[in-house]
Amino acid sequence: MRHLLAAALLFFCLSIPAFALVSPSERLPDPEQEARAREISKELRCLVCQNQSIDDSDAELAGDLRRIVRERISAGDTDEEVFDFVIARYGEFVLMTPRFKPATWVLWLTPGFVLLGGGIVAVLFLRRKRLETGVSSLTEEEEARLAELMARGNPPDSAP
């Protein structure tokens, strides 16, 4: 049974390249342009799947977007021009990593503000706890004993 499972796992691992989503008919003849297309495709979100790039998605729309990217690269567009073309057509949501601009400042800055706010709350909480556990938490008897020891000038450890 173990041998069968190991053989099935080995077969699966060896067949992973066969699952490549970019069909040979989609590939560009120039390897440099194809590499650019793959890199751009990794940065564009599949609008159907939403958690996958168009490079990883097998949705029909992702295939259409991959073809558009390759057409724009073949037409001589730069990477930025390809992104601008796709964004103009499908909106900012198509980017896996949104651009830093006023419309996305909240998205980019919120984690920092949450971390900063959490740090401030933690410092205030710890400061308050330290004050609560200070001298004011002594009983009246303990405070009187402490005052007596301090008046005599004896440290608390050497008290009789």
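The values are calculated or read from the model by the stated rules, or taken from the named source; none is laboratory data. Here the structure is a predicted model, which is why all the values come from computation and not from measurement. Keep in mind that these areas ignore ligands, DNA and RNA; they rest on the heavy atoms of the full protein, side chains included. Shrake-Rupley method; radii C 1.70, N 1.55, O 1.52, S 1.80 Å.
Structure data summary
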| item | result |
| --- | --- |
| Surface share of carbon and sulfur [accessible, 1.4 angstrom probe, percent] for the stretch 27-160 | 59 percent |
| Residue-level accessible surface for Leu28, protein heavy atoms, 1.4 Å, Å² | 30 Å² |
| Solvent-accessible surface ranking, highest first, for Met150, Met96 at 1.4 angstrom | Met150, Met96 |
| D (Stokes-Einstein, µm²/s), Kirkwood Cα radius, the stretch 23-156, 1.306 mPa s at 10 °C | 80 µm²/s |
